[in-house]
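One structure is given below, encoded as structure tokens.
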Amino acid sequence: MNSRQPIPVVVLAGFLGSGKTTVLNHLLAHRAGTRIGVVVNDFGSIEIDAMSVAGQVGDSMVSLGGGCLCCAVDGSELDAYLEKLAAPVHRIDVIVIEASGLAEPQEMIRMLVASENPGIRYGGMVEVVDAAEFDATRSRHPETDRHLAVADLVVLNKTDRVDDVERARIEGLLGTLCAPGTPVVGADHGRIDPELLFDRRPWTETRGQLSFEDLLAEAEDHDHDHCSHAHAAYESLEFVTEQALSPRRFIDFLDRRPAGLYRIKGFVYFGVPGHEERYEVHAVGRFLRFAPRPWGRGERRLTQLVLIGSGTDGPGLLGELEACREPALHEARPESMWGVLRYVARPAEPEPEAETAEA
């Protein structure tokens, strides 16, 4: 990721005991070369297994060899820490906020969406749910339903502790509590594919004697069976075309994307007069974001997309994308871009509420 581009900030929420820290540990341990900034919005000591090689993290900010930063903060300090993490010197690729188990994630979302900090952008909200304690959690915390309603992706954790019938019942209930189209990803021990939230970059550099990632890779070699590859549960599709896409048909495709399509990333070429840039697209669950980027000198104009999901009709999705191609590019009108521009942040202005409520 270019450090001059806004850094996506993902909110990781869920009530006490749901497994947020376990999910975060897994993301850190399987991030490859991605530099993750972590903000833990909680009080007291925090225990992050993946960081144990660098010692216990207290109330101060620490920097690990692999590039992870972790801050234990309260809500009032969040904006200040995000500004520090977004500083180019840290070369952070993505920031994950682990919200307190008693926090109101809506407040964090509002802060991030309305932030005037050009170094960050809201990257979606992930709600972690304990499958074994789901009913008890809703009973103790009625606000669970409100949190689920604003989630862009739900991780149904601890699925190994419930049978298939109970899991199906909970997934059906989640379908009524979440916004239409919100995907639900099953997991045990917090193991989800990091690619669902951010890009993993290859790493080859070793800093000092043993880097943070060297130690993680060594530990994984010794415990390969226990840390099974989460990506085995997902399918990945690629779509590439040199033909411009119709912005209206592509937005229709995104609006109708199935719940099993967890993530879409890449660049889109629309070629509409006045909008000839390439448009970076980023979707996590129902969260959707476009960002115009300039083409490189001599770079071919084309669309490159990666779709990650589970239980989806791959050939059908590719067929729908093929139908988005625009054969009559010269007839495209600027107003055809309005649907896309809804999801483009306006510089120096608060981002639209529709991005979280309707995407």
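The values are calculated or read from the model by the stated rules, or taken from the named source; none is laboratory data. Only a predicted model underlies this, so the values are computations on that prediction, with no experimental measurement involved. A quick note on method: Cβ atoms are made from the backbone with ideal geometry, for glycine too, and the neighbour counts reach across all protein chains shown. The protein model used for the area step is the full one, side chains on, heavy atoms only, and it has no ligands, DNA or RNA in it. Shrake-Rupley method; radii C 1.70, N 1.55, O 1.52, S 1.80 Å.
Using the 1.4 Å probe convention, the accessible area of the range 238-351 works out to 48 Å² per residue with neighbouring protein chains retained.
Couplings for the range 77-83, taken from phi via the Karplus curve 6.51 cos²θ - 1.76 cosθ + 1.60 with θ = phi - 60°, read 8, 4, 5, 5, 5, 4, 4 Hz in order; Gly and Pro are left as x. Amide hydrogen proximity for Val344: with H placed 1.01 Å from N in the peptide plane, the residues at 5 or more positions away or on another chain lying under 5 Å are Phe290. Residues whose amide H comes within less than 5 Å of that of Glu280, counting only those at least five positions distant or on another chain, are Val268, Ala291, Arg293 (H built at 1.01 Å from N in the peptide plane).
Suppose every K and R has +1 on its Cβ and every D and E has -1 on its Cβ; what is the size of the dipole of the range 159-198 about the Cα centre, in Debye to the nearest 20? Write out the running numbers ahead of the final one.
Details: 4 positive and 8 negative charges, 32 e Å.
So the dipole magnitude of the range 159-198 works out to roughly 160 debye.
Karplus-based coupling profile of the range 188-195, in residue order and whole Hz: 10, 6, x, 7, 10, 6, x, 4, with θ = phi - 60° in 6.51 cos²θ - 1.76 cosθ + 1.60 and x standing for Gly or Pro.
Please give the FRET efficiency for Trp338 paired with Ala149, using the beta carbon to beta carbon distance and R0 = 25 Å, rounded to the nearest 0.05. Given R0 = 25 Å and the Cβ-Cβ separation, E is 0.40. When only alpha carbons are used to place a centre, the range 243-266 and the range 157-191 end up 24 Å from one another.
Among residues other than Val184 whose Cβ falls under 12 Å from its Cβ, what is the net charge (Lys/Arg +1, Asp/Glu -1)? It would help to have the intermediate numbers written out before the result.
Working: positive: Arg167, Arg286; negative: Glu127, Asp152, Glu171.
The answer is -1.
Residues whose amide H comes within less than 5 Å of that of Val94, counting only those at least five positions distant or on another chain, are Arg35, Gly37 (H built at 1.01 Å from N in the peptide plane). Model label sites at Glu107 and Ala132, defined 7 Å from Cα along the beta-carbon direction, differ in position by 3.1 nm.
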